[in-house]
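Inspection log for the structure reproduced underneath, given as C-alpha cells.
The values are calculated or read from the model by the stated rules, or taken from the named source; none is laboratory data. All values derive from a computational prediction rather than experimental measurement. Note that each Cβ is placed from the backbone with ideal geometry, even for glycine, and that neighbours are counted across all protein chains shown. Side chains included, ligands, DNA and RNA excluded: accessible areas come from the protein's heavy atoms. Shrake-Rupley method; radii C 1.70, N 1.55, O 1.52, S 1.80 Å.
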Amino acid sequence: MRKLMVPVLVVCVATLLMSMFVVREGERAIVLRFSSALKDADSNVVRVYEPGLHFKLPVFDTARLFDARIQTMDDQADRFVTSEKKDVIIDTYVKWRIKDFDKYYQSTSNDASTAEGLMKRKVVDSLRAEIGLREIKQIVSGPERKKADDNADAASTSTDAATITPALSDDVASILAEAEKPVSNVVEGQRDQIMANVLADIKIGVMDDLGVEVVDFRIKKINLPEEISESIYQRMRAERESVARKHRSQGREKAEVLRAEADFAVTEILSTANRESLVIRGGAEANAAEIYSATYGKNPAFYNFMRSLQAYENSFKSKNDILVIDPNTEFFKYMKDANGN
C-alpha cells in the first residue's frame with residue numbers, strides 16, 4: 001500500500017500542476033476544450049481570464065495567452081497616387097489591441113505578424129482610396145495653411161528661379177510650379193480628415209474580421225519619390241547658388257565703389273597736402289630770400305666771404321674730392337687774397 005502512495009501522490013501533484021495556469025499582468029487568456037473556446041453558461045460569451053491564477057481540466061483543456069496591451073504596427077512606407085496622378089511616399093503607424101480574443105484566435109492563431117499583415121492590407125486600401133481623391137497640397141497641409149505674408153517676394157523668387165531651372169520632367173515641373181505659386185487664399189488642409197476617415201474605416205473592418213480594436217492611426221511622414229526629390233534638391237541648390245552669385249556680384253560692385261571712393265579721397269588729400277606744402281615752401285623761400293637780401297644789403301663783403309667759406313667746406317669735405325677748374329677763377333679769390341681782390 002505504501003508503495004502505491006508515492007506514484008499516486010506524484011500523479012496528483014502533476015494533475016494539479018497541469019490544471020493550473022497563470023495569466024500575467026498585461027495578458028488575457030481563453031481556454032480551449034477540443035479546439036473550442038469555453039463560454040460562460042449564463043451569457044454564452046467566450047470566457048476571458050483576467051491576470052491571476054486560474055484552473056482548467058488537465059489534458060482536455062488548453063490555455064492560450066494573449067497580449068492585451070496596446071501594440072504598434074509600424075511598417076515600411078508605401079507609394080500612393082493622388083488625384084493629380086502624382087506619386088507620394090507615405091509612412092504611417094497604427095495603434096491596436098485585441099478586443100475579441102476568440103475571433104482573434106480563430107483569425108490569426110494568436111500570431112501578431114499575421115494580424116498586422118491583414119491590418120496592413122486594410123489600411124493601405126483605405127488610405128489609397130482617400131489619397132486618390134485629393135491633391136498633394138490638400139494631403140500635406142494640416143487643418144489650415146496660412147496666407148503668405150509677402151506675395152511679392154514669393155513672385156520674385158519664382159521668377160528668378162525660373163530663369164535658371166534646368167529641364168525637368170512634367171511631374172516635377174508641375175509640382176514645383178504648384179509649390180512656388182504665391183498663396184493668395186487659404187488652402188484647406190485635409191490631412192487630419194484623411195487620418196480620421198481611415199481610422200473610422202479600418203476600425204469597423206478589423207473588428208469584424210480580426211476581433212481587433214484600432215486605437216489610433218497616424219500619418220508619420222509624407223515624401224516625394226526619390227527621383228523627384230533629387231530633381232527638387234537640384235532646383236533648390238541652383239536657386240541658392242543663383243542668389244549667392246547675385247550677392248557676391250553686388251558685394252564686388254560695392255567693394256569697387258568703396259575702393260574708388262577711397263582712392264579718390266587719398267588722391268584729394270595728397271593733392272591738397274602737396275599744394276599746401278608748396279605754398280608753405282614758397283613762403284619760406286621768400287622769407288629766406290628776404291632775409292638773405294637784407295643781410296647782403298647790410299654787409300655785402302662779409303656775406304660773399306661766408307658764402308665762399310661754405311662753398312669751400314662743401315667742396316673739400318672728402319680727401320677724394322677732385323676739382324678740375326681754372327685756378328684763376330673767382331671761386332679761389334679768397335684763397336689767394338683775404339679781401340677777395
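Odds and ends about this structure:
- Matching residues in region 40-60 - criterion: being of a type in the set (Ser, Thr, Tyr) and modelled with pLDDT of 85 or more: Tyr49
- For region 46-57, a tally of residues being out of contact with any helix residue (DSSP H, G or I) (no Cβ under 6 Å at 6 or more places or on another chain) and either exposed (fewer than 11 other Cβ atoms within 10 Å of the Cβ) or not in a loop (DSSP other than H, G, I, E, B) (or both) returns 4.
- Candidate set from region 124-139 (those that are β-branched (Val, Ile, Thr) and at pLDDT 90 or above); member that is least open to solvent (accessible area, probe 1.4 Å): Ile131
- Number of the exception - Glu25 against (1) modelled with pLDDT under 90; (2) over 19 Å from Val212 (Cα atoms): (1)
- Any hit, region 30-40, residues being of a type in the set (Gly, Ala, Ser), farther than 21 Å from Phe217 by Cβ, open to solvent by less than 50 Å² (accessible area, probe 1.4 Å) and not in a strand (DSSP E or B): no
- Taken residue by residue, region 229-241 has at least one member that is in a helix (DSSP H, G or I), farther than 30 Å from Asp78 by Cα and of a type in the set (Lys, Arg).
- Cβ-Cβ contacts under 6 Å between residues 6 or more apart (or on different chains), taken from a first residue in region 1-20 that is closer than 15 Å to Ala63 by Cβ to a second residue that is at pLDDT 75 or above and of a type outside the set (A, V, I, L, M, F, W, C), are listed as Met18/Pro58; Ser19/Lys56; Ser19/Pro58.
- Within the span defined as region 104-118, one or more residues are closer than 23 Å to Val215 by Cα, exposed (fewer than 13 other Cβ atoms within 10 Å of the Cβ) and acidic (Asp, Glu).
- Every condition in (1) open to solvent by less than 60 Å² (accessible area, probe 1.4 Å); (2) modelled with pLDDT of 90 or more; (3) charged (D, E, K, R) is met by Arg121 except one, and the failing one is (1).
- Where a residue in region 21-34 is under 19 Å from Val45 (Cβ atoms) and its partner, wherever it lies, is open to solvent by 80 Å² or more (accessible area, probe 1.4 Å) and part of a loop (DSSP other than H, G, I, E, B), with Cβ under 6 Å and at least six apart: Arg33/Phe60
- Hits in region 202-227 (condition: open to solvent by 20 Å² or more (accessible area, probe 1.4 Å) and over 23 Å from Asp111 (Cα atoms)): Arg218, Ile219, Lys220, Lys221, Ile222, Asn223, Leu224, Glu226, Glu227
- Summed over region 58-91, the residues that are of a type in the set (A, V, I, L, M), open to solvent by 30 Å² or more (accessible area, probe 1.4 Å) and in a loop (DSSP other than H, G, I, E, B) give a count of 3.
- The residue that is nearest to Val88 (Cα to Cα), among those in region 228-248 that are of a type in the set (Ser, Thr, Tyr) and surrounded by 11 or more Cβ atoms within 10 Å (Cβ to Cβ), is Ser229.
- Considering each residue of region 310-328 in turn, at least one proves to be of a type in the set (A, V, I, L, M), more than 30 Å from Val88 (Cα to Cα) and modelled with pLDDT of 75 or more.
- Selection over region 92-103 of residues that are open to solvent by 30 Å² or more (accessible area, probe 1.4 Å) and either outside any helix (DSSP H, G or I) or in contact with a His (Cβ under 9 Å, 6 or more places away or on another chain) (or both) gives a count of 5.
- Within region 64-106, no residue satisfies the criterion of being in contact with a Pro (Cβ under 6 Å, 6 or more places away or on another chain) and without any contact (Cβ under 8 Å) to a residue 60 or more places away in the chain.
- Scanning region 1-26 for residues that are among the aliphatic types (A, V, I, L, M) and open to solvent by 100 Å² or more (accessible area, probe 1.4 Å) yields Met1, Leu4, Met5, Leu9, Leu17.
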